[in-house]
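The values are calculated or read from the model by the stated rules, or taken from the named source; none is laboratory data. If you're wondering where the values come from, they're calculated on a predicted model, not measured in any experiment. All Cβ positions, glycine included, derive from the backbone under ideal geometry; neighbour counts span all protein chains shown. These accessible areas exclude ligands, DNA and RNA; they are computed on the full protein's heavy atoms, side chains included. Shrake-Rupley method; radii C 1.70, N 1.55, O 1.52, S 1.80 Å.
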Amino acid sequence: MTSPDSGAEISVLLVDDQELFRAGVAVIIDAQDGMGVVGQASDGLEAIAQIDDLEPDVVLMDIRMPEMDGVEATRQLFTPDRIARRTKPLRVLVLTTFNLDDRAATAIRYGASGFLLKDTTPALLADAIRTVHTGNAVLAPTDLSALLDQQFTVAVPAPPAYLALTGKEREVFDAVARGLSNAEIGGLVFASESTVKTHVGAILRKLALRDRVQIVVFAHEHGLVGR
């Protein structure tokens, strides 16, 4: 699976049951430099079919829709067989009308990279699309922790793969789980940003995780935050 190409246009697919809302968001995205809308869907079933066909970089996914909602669509998009068939990473950014929505938290567990409120500004929407395209989360670390703490009330023991991480990798893992940037982590562990990226890549490979957001989810699931 290839890494996102920062020089290529970010292709976006919109998923929402309100046609007028989709049309408005499409105008905003198409007006941005370096991104464009490649398709639109009115529910989860239609979205999955279009995503398999169009292979967009980022999906803006409404949570509440008829036929199939955004949570179930996200779950199906990140099944192992679909992930294996893709030639590049897929990022899902959930759209909701409720702050700290428990459905949004479930979608993040299934693979979404964060969520935005539907009344966000055009500038924040564009920044969010760029952020998730690079593999980062769109949600303040404290908010993400609050959401995930509601999801994982009982910690599952960490698997052997976590125990196999080196001491430095565990330091980096903990810092990523707390929402620190590569620059902040570098200052904490006395390493360059490129070295931090190397450690993050090793952690993702060893734990079979897709991106930094999934490191945060993994840490909460196994009670590893702040250890």
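Quick notes
- Every residue from region 167-190 that is more than 22 Å from the chain's Cα centre (by Cα) and either without any contact (Cβ under 8 Å) to a residue 12 or more places away in the chain or within 14 Å of Phe218 (Cβ to Cβ) (or both): Gly167, Gly186, Gly187, Phe190
- Test: Thr120 is among the hydroxyl-bearing types (Ser, Thr, Tyr) and more than 30 Å from Arg64 (Cα to Cα): no
- Selection from region 179-208 of residues that are in a loop (DSSP other than H, G, I, E, B) and modelled with pLDDT under 90: Gly179, Leu180, Ser181
- Total residues in region 72-104, condition among the hydrophobic types (A, V, I, L, M, F, W, C), open to solvent by less than 20 Å² (accessible area, probe 1.4 Å) and either touching a His at 6+ places or on another chain (Cβ under 9 Å) or part of a helix (DSSP H, G or I) (or both): 3
- Of all residue pairs spaced 6 or more apart or on separate chains, those with beta-carbon atoms under 8 Å, a first member in region 65-82 that is in contact (Cβ under 8 Å) with a residue 12 or more places away in the chain and a second member that is acidic (Asp, Glu) and surrounded by fewer than 17 Cβ atoms within 10 Å (Cβ to Cβ) are Arg82/Asp52.
- Cross-chain or 6+ apart pairs with Cβ under 9 Å, region 48-64 first and part of a helix (DSSP H, G or I), then open to solvent by 60 Å² or more (accessible area, probe 1.4 Å) and not hydroxyl-bearing (Ser, Thr, Tyr): Gln50/Val38; Gln50/Gln40; Asp52/Arg85; Leu54/Val38
- Looking across region 105-118, just one residue is open to solvent by 60 Å² or more (accessible area, probe 1.4 Å) and either closer than 19 Å to Thr134 by Cβ or of a type in the set (Lys, Arg) (or both), and that is Arg109.
- Within region 117-139, the set of residues being more than 14 Å from the chain's Cα centre (by Cα), closer than 18 Å to Asp101 by Cα and part of a loop (DSSP other than H, G, I, E, B) comprises Lys118, Asp119, Thr120.
Yes/no per residue for (1) closer than 26 Å to Ala105 by Cβ; (2) of a type in the set (Phe, Trp, Tyr); (3) surrounded by 17 or more Cβ atoms within 10 Å (Cβ to Cβ):
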position: Lys168; (1), (2), (3): no, no, no
position: Arg178; (1), (2), (3): yes, no, yes
position: Asn182; (1), (2), (3): yes, no, yes
position: Gly187; (1), (2), (3): no, no, no
position: Thr195; (1), (2), (3): no, no, no
position: Gly201; (1), (2), (3): no, no, no
position: Arg212; (1), (2), (3): yes, no, yes
position: Gly223; (1), (2), (3): yes, no, no
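- Qualifying residue in region 88-96 (condition: of a type in the set (S, T, N, Q) and within 17 Å of the chain's Cα centre (by Cα)): yes
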